[in-house]
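Right, one structure below, let's go through it.
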Amino acid sequence: MTPKTKLLYIEASDLIQRWVIALLKQLDCETTQARTLDKARAKIEKELPFNIILLGDLTRPTDQISGIPIAELSIIKSIRERTAYKNTTIIVFSSAAYEKEATRHGASDFLSKPAGAVELERILSPHLAVLRRSAGS
């Protein structure tokens, strides 16, 4: 039996979080939720490594010049610095305006909001397939 994919979903919006969690259950992901970056950092430090981190929008300060959400980008860097998370897939699910910065800071993939279930499944599926193949070998 293939182990479930461990996924951490970080999102401040209750509505969006409920919708995404329902989809993740259909994809057979073991999902942990966090509504703030502080809670996400605590879960990353205390729990076994997550296979995928899905980083949604949070209420956050932005850089005054670029408008980029610096706190969200800083968590990508701090995740990448942890040895256990070097190969973790980090998918940013946010406004298209942040795609280049998210990728530059170490995001593995990006999904632009607004998006529907089809787009979310399309972006997650290749990462889930790789994890399932490696677990089966």
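Brief remarks follow.
- Inside region 4-28, residues that are surrounded by 11 or more Cβ atoms within 10 Å (Cβ to Cβ), farther than 17 Å from Glu119 by Cα and not charged (D, E, K, R) make up a count of 6.
- Check on Thr62, hydroxyl-bearing (Ser, Thr, Tyr), at pLDDT 85 or above and in contact with a helix residue (DSSP H, G or I) (Cβ under 8 Å, 6 or more places away or on another chain): no
- The set of residues in region 29-43 that are under 17 Å from Ile91 (Cβ atoms) and exposed (fewer than 15 other Cβ atoms within 10 Å of the Cβ) contains only Glu30.
- Pair list, Cβ < 7 Å and 6+ apart or interchain, from region 97-119 residues that are in contact (Cβ under 8 Å) with a residue 12 or more places away in the chain to residues that are of a type in the set (Lys, Arg) and surrounded by fewer than 18 Cβ atoms within 10 Å (Cβ to Cβ): His105/Lys77; Gly106/Lys77; Gly106/Arg80
- For Leu48, the conditions (1) under 19 Å from Leu73 (Cβ atoms); (2) at pLDDT below 85 all hold with the exception of (1).
- Considering region 96-110, the residues that are at pLDDT below 90 and among the hydrophobic types (A, V, I, L, M, F, W, C) include one that is nearest to Trp19 (Cα to Cα), namely Ala96.
The values are calculated or read from the model by the stated rules, or taken from the named source; none is laboratory data. What you see is a predicted model; the values in this text were computed from it and never measured. Because the Cβ atoms are built from the backbone with ideal geometry, glycine has one as well, and the counts that use them run over all protein chains shown.
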